């Protein structure tokens, strides 16, 4: 299930690249960008920004290195723009934190993230607020992310087992991962992977994603039969899919 993808490339001439074990490093002006090349059974391509210097590039199986370089060259302005947007979001994060305007989401509820100086630990987390000691304000994003991923690892596997028992849809294994482009996935071997950011969504939306992936244990596609399985166990799935499409871009730190 797709979540969010980012396109990016620098607005300048490409220097000579080198390829190493599925990665492509391209020097654009004075900055090196590292592309992790993922070949899949797909018809289109997709760039996903990991950080300011790293991207994943999803391409069809038969894509050549020449094709890849053409994709990078053609999309270089969009890549550069995405990197700049990331920098801007980092700056906005700290501006909002310092101004007392920063919030995040936890099970669909918006909660404040505040800087204080009267706690004895780097951070203090409750389900109503997140407190960061002023001495550790530069590490606020790491601290908030660590807390949310911890809660995701506690909740998501447990809820997957509960819904599996309730629906009778069996799976082999469940993993909580840090993915940029999917809310969840299910392998042909029955391994379900869930994006930790789902812990920021309402519980009914989380249930929809989990049931969506459990349904893939019977149908590894999005056919009519697949959606019938989803609807059997989540009749209001369209409402939750719509919520995720409309609000998914808010579920990010």
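The values are calculated or read from the model by the stated rules, or taken from the named source; none is laboratory data. What you see is a predicted model, and the numbers here were worked out from it, not measured in a lab. Positions of Cβ are generated from backbone atoms using ideal geometry, with glycine treated the same way; all protein chains shown enter the neighbour counts.
Quick one: in segment 210-253, which of the residues that are within 16 Å of the chain's Cα centre (by Cα) and not in a helix (DSSP H, G or I) is surrounded by the fewest Cβ atoms within 10 Å (Cβ to Cβ)?
252
Could you check how many residues of segment 39-66 are part of a helix (DSSP H, G or I) and surrounded by 13 or more Cβ atoms within 10 Å (Cβ to Cβ)?
Selection size over segment 39-66: 0.
Scan segment 67-92 for residues that are within 16 Å of residue 32 (Cα to Cα) and either loosely packed, with under 12 Cβ neighbours inside 10 Å or in contact with a helix residue (DSSP H, G or I) (Cβ under 8 Å, 6 or more places away or on another chain) (or both) and report the count.
So the count comes out to 2.
Picking from 131, 102, which residue would you name as being surrounded by 15 or more Cβ atoms within 10 Å (Cβ to Cβ), under 30 Å from residue 204 (Cβ atoms), without any contact (Cβ under 8 Å) to a residue 40 or more places away in the chain and within 22 Å of the chain's Cα centre (by Cα)?
Testing whether each residue is surrounded by 15 or more Cβ atoms within 10 Å (Cβ to Cβ), under 30 Å from residue 204 (Cβ atoms), without any contact (Cβ under 8 Å) to a residue 40 or more places away in the chain and within 22 Å of the chain's Cα centre (by Cα) leaves just 102.
Among the residues of segment 112-126, is any modelled with pLDDT under 90, within 24 Å of the chain's Cα centre (by Cα) and not assigned by TED's automatic domain parsing to the domain that holds residue 233?
Scanning segment 112-126 turns up at least one residue that is modelled with pLDDT under 90, within 24 Å of the chain's Cα centre (by Cα) and not assigned by TED's automatic domain parsing to the domain that holds residue 233.
Report whether or not residue 213 is within 27 Å of residue 41 (Cα to Cα), at pLDDT 95 or above and in contact with a strand residue (DSSP E or B) (Cβ under 8 Å, 6 or more places away or on another chain). Can you show your working first?
On the way: within 27 Å of residue 41 (Cα to Cα): yes; at pLDDT 95 or above: yes; in contact with a strand residue (DSSP E or B) (Cβ under 8 Å, 6 or more places away or on another chain): yes.
Answer is yes for this residue.
Taking residue 143 as the residue in question, decide whether it is under 18 Å from the mean Cα position of the chain (by Cα), in a helix (DSSP H, G or I) and more than 25 Å from residue 230 (Cα to Cα).
It is true that residue 143 is under 18 Å from the mean Cα position of the chain (by Cα), in a helix (DSSP H, G or I) and more than 25 Å from residue 230 (Cα to Cα).
Does segment 98-109 contain at least one residue that is assigned to a helix (DSSP H, G or I) and closer than 25 Å to residue 136 by Cα?
Yes; the residues of segment 98-109 include at least one that is assigned to a helix (DSSP H, G or I) and closer than 25 Å to residue 136 by Cα.
Is one or more of the residues making up segment 195-209 part of a strand (DSSP E or B), free of Cβ contacts under 8 Å to residues at least 40 places away in the same chain and within 22 Å of residue 50 (Cβ to Cβ)?
Going through segment 195-209, the residues part of a strand (DSSP E or B) turn out to be 195.
So of that shortlist, the ones also free of Cβ contacts under 8 Å to residues at least 40 places away in the same chain come out as none.
Checked against the condition, which is being part of a strand (DSSP E or B), free of Cβ contacts under 8 Å to residues at least 40 places away in the same chain and within 22 Å of residue 50 (Cβ to Cβ), segment 195-209 yields no hits at all.
What is the number of the single condition among (1) under 28 Å from residue 154 (Cβ atoms); (2) surrounded by fewer than 16 Cβ atoms within 10 Å (Cβ to Cβ) that residue 95 does not meet?
(1)
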